[in-house]
Amino acid sequence: MSDENKPSQMLRVPTPLIDAVRELSRLHRQGKTSEVLSGLDDLIFTLDDGSASSQNGVYQTISEICERLDNLESQFSGSSNNNEVSSTKHIYDLEQKIDSINNRLTQFAEAIMQLQSNVNNQPRRSKSYYGNSYNQGQSVKFQPITEESLASRLGVTPESLRKERESQPAPLFFAWSKRKDTSGIGWEFNHKTNLYHPIT
């Protein structure tokens, strides 16, 4: 006689488990006895072994979390130091580039002044007008002027003029004033006279 055909045994069941035993009995009558027994074996094993394994699992989880935190902390402190060194190096490189650009601008302005001087020193050509020639070599001679007069001439305020003069090298100021001057004359500040002298 197989186990499934044996008559049922009467067992005392704790009151809280009565509903569960009835459900198991129902599943048994539907022919799912092997699945029920397998599931019960797994559940009983888990419950018997659960207390120790859960404690070990919690301890292992806490250990892993602590280890990860230590790794993160060491990585953060290392990257922080690297960032400070990298930032300092970038600032130094930037300062070097700015100095190099300023030097090139000064050389460029000096080259412009030299070209302008060469152009101005070339002999003037005479032009004919209806068959009559006249000499353009005679030009109006400009005198040194004050800051207010030059500012008015260039169409700026005295404060703007002073700011431009003090914030850049003399060759760059000369080029700037020449662009602003309606007659295309460049100006240079003389510290002895405190006046602006024209350079043609």
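The values are calculated or read from the model by the stated rules, or taken from the named source; none is laboratory data. Here the structure is a predicted model, which is why all the values come from computation and not from measurement. A quick note on method: Cβ atoms are made from the backbone with ideal geometry, for glycine too, and the neighbour counts reach across all protein chains shown. For the accessible areas, the whole protein counts, side chains as well, though only heavy atoms, and no ligand, DNA or RNA atoms are used. Shrake-Rupley method; radii C 1.70, N 1.55, O 1.52, S 1.80 Å.
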Residues that are surrounded by 14 or more Cβ atoms within 10 Å (Cβ to Cβ) and assigned to a loop (DSSP other than H, G, I, E, B), drawn from the stretch 141-168:
F142, P144, V156, Q168
Within the stretch 169-200, residues being aliphatic (A, V, I, L, M) and assigned to a loop (DSSP other than H, G, I, E, B) number 1
Qualifying residues in the stretch 17-60 (those that are at pLDDT below 75 and polar (S, T, N, Q)) - the one most open to solvent (accessible area, probe 1.4 Å)
Q55
Positions within the stretch 169-182 being open to solvent by 70 Å² or more (accessible area, probe 1.4 Å) and over 24 Å from N103 (Cβ atoms), in sequence order
K180, T182
